[in-house]
Each structure stands twice: as structure tokens, then as C-alpha cells.
């Protein structure tokens with residue numbers, strides 16, 4: 001099977017090791033991974049800021065890059081995947097030609113954990129890991145894509161790990177894209193509350209499907225001097241691969 | 001003349017709230033309790049089916065709003081009430097004042113009403129020499145504290161019992177106690193005298209029934225019933241979208257409202273008031289006025305934000321909102337706080353005043369999940385952010401940044417260049433840029449994923 005990977009601008013620019021983990025994971029399951037060269041950012045920052053003109057620019061570019069390819073589009077981020085799946089068709093609601101293209105792209109798009117569970121059955125593959133892991137359920141992943149069980153299924157399936165459910169796992173961590181920069185005090189206070197619940201689990205790793213949130217959580221952990229490690233779900237799942 | 005409108009200083013208000021540890025503890029405790037109880041009670045019922053039915057009914061009313069208002073007016077009048085249709089806040093205030101003046105009434109008891117807050121009724125009446133006594137316990141607390149409500153159903157949610165104890169000791173001259181039962185007993189004793197000496201009672205309405213002309217009050221303290229049945233004159237003030245077609249539709253909302261609001265299956269009291277006291281009845285007002293407020297709603301119902309008018313004011317979105325539960329309602333400096341409040345403030349007060357409030361959301365979507373009538377709050381908030389940009393209410397710097405973002409996002413060569421520049425210029429950016437955001441994110445790498453993979 002061949003899939004197209006959208007790396008996301010955050011992973012591309014700041015967390016390339018997560019991109020590598022995603023590649024290893026998909027290849028482990030025999031997937032042939034394409035990485036369309038022209039890809040940039042999905043446009044989510046502009047979209048959540050209300051800049052529909054600029055988010056359409058990004059969306060048009062994304063669509064033009066990926067419509068030249070075939071197969072599922074896999075995105076290791078709930079918010080980017082929801083941007084493509086849910087917001088792209090909405091952005092072009094008044095432009096039927098673009099809307100059709102956006103809908104075709106949306107149909108091909110999977111968030112990583114969605115793809116791993118529904119297509120690759122990775123939760124039945126007996127992957128291994130280590131340590132005590134808890135999971136932050138990011139907002140767009142949970143509420144816009146409805147991906148609630150998939151990441152938990154994957155994490156619970158890891159041999160050699162303890163999965164500990166995070167209290168109020170789906171409460172916003174305070175990242176919110178542009179919110180983080182415009183309301184830093186609230187953003188940090190929310191991240192501090194999130195860290196409080198993370199520490200209450202006794203886990204040594206907190207994971208999630210969105211690097212934006214994980215970056216915000218990592219910062220709060222650092223500020224509080226916590227030893228809890230932050231890893232994207234792709235990194236956690238790829239850890240035990242040989 | 002009115003002052004030029006300035007935006008709500010939400011960020012400054014929020015910073016102040018965040019440094020108030022008593023407020024934060026009270027907010028956390030109360031919103032957590034409400035949200036947990038709500039989750040427990042709704043888990044035992046076919047919630048999705050109920051939400052769909054309630055939403056459909058609300059939409060049906062909105063589709064024919066002016067017809068339902070006419071029908072309500074006809075039936076309320078037939079039942080003995082005098083209906084006053086008012087366009088704006090000023091008109092509504094003046095009508096209420098003139099009713100009181102006509103009877104020479106100098107004191108009113110009042111049950112909780114957000115519409116009276118929306119039209120700033122208390123201030124107006126007090127300036128006219130009318131003593132207004134709030135009789136909902138939470139409203140009573142904030143009235144003697146000289147504050148406005150910070151939650152649409154729990155107005156004093158931001159205060160803990162110690163603060164209330166101190167306030168009572170200071171303002172009422174009673175002995176300090178932080179026992180809620182003792183404090184409630186003190187208020188009850190005072191309010192009981194007021195109920196029996198006031199010549200008029202003012203209430204809001206949770207619903208109005210078109211085919212019977214009734215108004216419906218849902219309370220937990222019984223004060224609404226006292227206000228509307230003891231004084232000879234009852235004035236109900238409500239906005240036009242509160243109407244439901246028929247009494248038989250009411251259960252579809254009553255089963256959702258207390259569950260969503262406080263996690264109760266039913267509230268302690270529910271009153272359906274149809275007109276004035278009839279011959280042979282032992283309670284009820286001899287004269288009833290219903291002040292129907294439009295305040296822009298006839299226009300809102302025609303536009304893309306019409307679904308906001310489905311709202312039944314349960315407050316579930318406030319309790320679910322991560323921002324609200326952290327900073328409380330006063331930070332919004334508006335009649336209505338939280339997610340529904342942001343949307344309503346934008347619609348009722350305009351973008352000039354509301355635009356900073358659009359940053360009081362992470363767009364996490366939690367509000368939309370809990371709304372009992374499926375108001376698409378996340379979509380409305382997002383759409384208002386778009387409107388804010390279109391109307392030019394974002395900073396020049398942000399507009400330029402986003403224009404740059406758009407250009408970079410549509411060109412992979414510019415994107416590559418941007419990544420390289422971000423990596424190189426990071427130390428400088430850290431020095432001159434906004435510390436409170438840049439300090440929190442890692443430095444862009446030199447070996448980006450695209451370089452590794454290609």
C-alpha cells in the first residue's frame with residue numbers, strides 16, 4: 001500500500017524526529033510512504049485566527065500538491081487532519097470546483113492513529129514499549145474528528161507499558177494556536193492545570209497526537225521542573241520497533 | 001451623548017483574575033461540581049435524541065418568530081396580562097419605570113433575570129428612586145457587594161462562603177459565619193419582609209408559552225414564586241426568543257435545562273404563570289405586565305448567527321469552557337460571559353466592543369459538546385473571528401504576519417527559506433520578540449524533516 005505523508009509544519013520545522021518515527025512506523029507495516037515535495041503548512045494558524053483569505057491560500061496549495069498523488073493522505077496531527085477533512089470543504093463553500101477538490105482530498109485524509117487502527121490494525125500487531133504512559137486527548141482530534149478510542153487502543157496494546165488514563169484528558173491544554181501568543185497568561189495557566197493532572201497519574205511519559213499541544217505541555221512541565229517526558233504518539237509506538 | 005465604544009480589556013481583566021487565588025479556587029470548585037453533576041445526569045438519558053428534538057423545536061420557533069410573538073401576545077392578553085413590545089433596552093426600562101411610577105411604587109422585589117441585566121434595569125430604577133431588592137440568593141449576594149453576575153445561572157459563583165460571610169458581616173451588620181445554612185437563613189429573614197412589603201415583583205422568564213400566553217419560571221429557591229404571587233403587581237421581562245409553541249412542548253426543554261445547568265433532574269420549583277389572579281384563586285398578581293424585549297433579535301434571527309437564539313441560558317457552556325472556568329465571568333465585562341456570552345456580546349453590542357473577547361476562546365469545542373439545544377458555538381465563534389478580521393479589528397502587525405504566512409504557505413521555496421531564516425534568526429527573535437510566547441517553543445531545527453526525507 002502506498003500513502004502520502006503530510007509532515008505538518010511543526011514536525012517539519014521543530015520535531016523532525018517525530019516525522020522519522022512516523023516513517024518507521026508506517027514502513028514497519030509494509031506501507032510505501034510518499035512525501036510530496038511541495039508541501040508546506042495546512043493553513044490552520046490562519047484559519048483559527050479568522051484569516052479565511054490566507055487559509056484559502058494555504059488550502060489551495062495543499063490541494064494542488066496532494067491532488068497530483070494517489071492513495072490515503074496520512075497526517076500525524078489531529079488539528080491539521082481536521083483542517084483538511086473538515087475545514088477545507090467549508091473554506092470553499094462558495095466555490096463548487098474547489099469544493100469538489102477539497103472534498104476529494106478530505107475523503108483521502110486520515111489522522112495517523114485513525115489510519116493505524118482502522119487500516120493497518122496496528123493495535124493488534126503486538127507492538128512493544130516501556131514505562132508508564134498517559135495520554136492527552138487534543139481538542140480537534142477528539143471533538144472535530146471524533147477520534148477518541150484509537151490512540152488509547154494503540155497505547156493500551158503496547159506490551160511492556162502501563163497505560164494510565166489522564167483525568168479530564170480531553171480538556172484543552174491552552175495551546176489553541178494563535179491563542180498561545182495572544183493570551184499567554186491563560187494559555188500557561190491552562191497548561192499548568194494540565195500538568196497537574198499529568199503528575200497526578202504518576203506516569204513517566206505523556207503522549208498525544210498533536211505537537212502543538214505537546215509543545216505547550218512540555219513547556220509547562222519544564223517550568224514546573226517535572227521529569228515527565230513528552231513524546232508524540234508516533235515516537236511512543238515506534239520506540240519498540242526493531 | 002454616548003461615549004465612543006472601546007473594546008473590552010479582556011486580557012488585562014483575565015490577568016487580574018488569574019492572580020486572585022480565592023476566585024480561582026471558587027471557580028474551579030463550582031464549575032467542576034456543575035460539570036461533573038451534568039455529566040452524571042445526562043449519561044442516564046438518551047441525550048442526543050433529546051438535544052435534536054429541542055433544537056428542532058427552537059428552530060421551528062425561530063423560523064416563525066414574529067408569528068409566535070403575536071400568538072403569545074394575544075393569549076397573554078386574553079389571560080389578563082398587559083403585553084408591552086419593546087425594541088430596545090431604553091424603551092423596556094422606561095416602560096417598567098412608568099408602570100411602577102403609575103402605582104407610586106417605591107420598592108420592588110426581583111427574581112433572577114438576565115434580560116434585566118441586559119437592559120441595565122436595576123441601576124435605572126434606583127436612579128429613579130425605586131428600591132430594587134434581588135431575591136435570588138446569589139443575586140442578593142452580588143447586589144450587596146455592588147457587583148454584577150459572573151455566571152448566568154449562578155451569579156455569585158466567583159465568591160466562596162468565607163467571602164460571603166465577611167460581606168454579610170460588613171454590610172448587614174450580622175455576626176460573621178461561613179456556614180452556608182446560617183448565611184441563607186440571614187438572607188431569608190430579610191427577604192421575607194421584603195416579599196410581603198413590596199408592591200411589585202419583577203421576574204424574568206425561562207420560557208413563554210405561545211398557545212396559552214403563560215410564562216415559565218424555573219428556580220431552586222422559590223423566590224420566583226414569591227416575587228410573582230405576593231405583590232399585587234407582577235412585571236415579567238423577557239426576550240422574544242424565549243417562546244415555545246405549546247405547553248406540551250415544555251417538557252422537551254424542562255428535561256434538559258436543569259440537567260445541563262446544575263445536573264439536577266428537575267429544579268426545586270417550576271412555575272407556569274398564566275395571566276392575573278382569577279376569581280376564586282388565593283394567590284397571584286392582580287395586575288400583570290409582560291415586557292417583551294427585541295433588542296436586535298428580529299434582525300439576528302434573519303442572519304447567519306440565528307442559531308444563537310436557540311440558547312436556553314443553562315450555562316453548561318460556561319462550565320465547560322476552559323477559559324471561563326479559569327478567569328470567571330467578570331473578565332468578560334459584559335452581560336453574558338463564556339462562550340455564549342462572547343457570541344451574544346458581539347451580536348448585541350457590536351464588534352467594536354466585543355472584538356477582544358474573540359481571543360477568550362481556544363476554539364476547543366467543549367461548549368458545542370455540552371449545549372442542550374445544539375447551538376453550534378464553536379462554528380459561531382470561528383465565524384466571528386473571520387468577521388473580526390474582515391472588519392479590521394485585528395492589529396496591523398497580526399494582519400501583516402498573516403499576509404506573510406499566506407504567501408509562505410503557498411510556495412514551497414518560500415517555505416524552505418522561511419524555515420532556514422527561522423532557524424538562523426531564532427536567537428535574535430528570542431531577544432526582541434514576545435518572550436511569553438517565544439520562550440515557550442523550541443528553536444526551529446536546521447535539519448528539517450523535509451531535508452531528512454528527501
Cα extents of chain B along the three principal axes, largest first (Å): 89, 54, 54
Quick one: Cα centre-to-centre distance for the range B:226-248 and the range A:121-149, in angstrom? 50
Within 10 Å of each Cβ in A:2-14, how many Cβ atoms from other chains are there, averaged over the peptide? 4
Cα centroid of the range B:440-454 to Cα centroid of the range B:80-155, whole Å: 60
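Can you give the translational diffusion coefficient of the range B:46-298 in µm²/s, computed by Stokes-Einstein from the Kirkwood radius over Cα pairs at 20 °C and 1.002 mPa s?
Numbers: Rh = 18.8 Å.
This corresponds to a translational diffusion coefficient of 114 µm²/s.
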The range B:49-154: C-alpha gyration tensor shape, a/c 1.5 cut-off, then a/b vs b/c: oblate
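Distances over 20 Å make up what percent of all Cα-Cα pairs in the range A:123-238? Please report the intermediate quantities before stating the final value.
Details: 2416 of 6670 pairs.
I get 36 percent for the Cα pairs in the range A:123-238 exceeding 20 Å.
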Rg/Rh ratio calculated on Cα atoms of chain A (Kirkwood radius): 0.96
The range B:190-217 scanned against label point 7 Å out from residue B:286 along Cα→C-beta; backbone N under 20 Å for B:194-203
Where both partners of a DSSP beta bridge lie in the protein assembly as shown, what percent of those bridges are antiparallel, to the nearest 5? 15
Taking chain B as the reference, fit the longest principal axis to its C-alpha atoms, fit the long axis of helix B:21-42 to the helix C-alpha atoms, and give the angle between the two in degrees, 0 to 90, nearest 10. 80
Checking the a/c ratio against 1.5 first, then a/b against b/c, what shape does the Cα gyration tensor give for the range A:134-178? prolate
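Using only alpha carbon pairs under 8 Å that are at least six residues apart, calculate the relative contact order of chain B and give it in whole percent. Intermediate values should be presented prior to the final figure.
Details: 726 pairs, mean separation 98.2, N = 454.
Value for chain B: 22 percent.
Would you work out the relative contact order for chain A, in percent, from Cα pairs under 8 angstrom that are 6 or more residues apart? Can you show the working numbers first?
Values: 428 pairs, mean separation 48.7, N = 242.
Averaging sequence separation for qualifying contacts and normalising by length gives 20 percent for chain A.
Starting from 0.36 nm per residue, how many nanometres of slack lie between residue A:1 and residue A:165 once their C-alpha separation is accounted for? All intermediate terms of the calculation are to be shown ahead of the outcome.
Working: separation 164, 0.36 × 164 = 59.04 nm, distance 3.32 nm.
Taking 0.36 nm per residue and subtracting the Cα distance, the gain is 55.7 nm.
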Summing -39500 (n - 2.57) over every DSSP H run of at least 4 in chain B, dividing by its residue total and rounding to the nearest 500, the 222 nm mean residue ellipticity is -15500 deg cm²/dmol
Could you tell me how many cubic angstrom of Cα convex hull volume the protein assembly as shown has per residue? 165
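How would the range B:224-284 be classified by its alpha-carbon gyration tensor: rounded, prolate or oblate, with rounded meaning a/c under 1.5 and the a/b versus b/c comparison settling the rest?
prolate
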Write down the Kirkwood hydrodynamic radius of the range B:117-156, to one decimal in angstroms, obtained as one divided by the mean of 1/r over all alpha carbon pairs. 10.5
Could you give the distance between the Cα centres of the range B:180-222 and the range B:318-360, to the whole Å? 27
What base-10 log of the normalised intensity I(q)/I(0) is obtained for the range B:162-244 from the Debye formula, alpha carbons as equal point scatterers, at q = 0.11, 0.17 Å⁻¹? -0.43, -0.80
If packing is taken as the mean number of other Cβ atoms within 10 Å per residue, what is the order of B:263-271, B:198-206, B:393-401, A:37-45, highest first? B:198-206, A:37-45, B:263-271, B:393-401
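Please figure out what share of the DSSP beta bridges in chain B is antiparallel and state it in percent, rounded to the nearest 5.
Working: 8 of 34 bridges.
That works out to approximately 25 percent antiparallel.
Please compute the volume of the convex hull spanned by the alpha-carbon atoms of the range B:342-454 and report it per residue in Å³.
Numbers: hull volume 17.7 nm³, N = 113.
Output value, Cα hull per residue: 156 Å³.
How shielded is B:386-392 by partner chains, expressed as the average number of their Cβ atoms within 10 Å of its Cβ atoms? Intermediate values should be presented prior to the final figure.
Working: counts 7, 1, 2, 7, 4, 0, 0.
Whole-number average of other-chain Cβ neighbours for B:386-392 is 3.
Per-residue counts of other Cβ atoms within 10 Å, averaged by peptide: what ranking do you get for B:284-290, B:328-334, B:138-144, highest first?
On the way: B:284-290: 19.7, B:328-334: 24.0, B:138-144: 21.4.
Ranked from most to least packed, the peptides come out as B:328-334, B:138-144, B:284-290.
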Principal axis box of the range B:289-378, alpha-carbon based, largest edge first, Å: 38, 29, 28
Would you mind listing how long the range A:2-117 runs along its three principal axes, going by Cα atoms, in whole Å with the largest first? 42, 27, 25
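Using only DSSP helix segments of four residues or longer, with each worth -39500 (n - 2.57), what per-residue ellipticity at 222 nm results for chain A after dividing by its residue count and rounding to 500? Working shown, then result.
On the way: 13 runs with 119 residues, N = 242.
Using -39500 (n - 2.57) per qualifying helix, the result is -14000 deg cm²/dmol.
Each reported figure results from applying straightforward, stated rules to the coordinates on display, with no laboratory input. Owing to the predicted nature of the structure, the values given are computational and were not obtained by experimental measurement. So basically every Cβ, Gly included, is an ideal-geometry build from the backbone, and we count neighbours across all protein chains shown.
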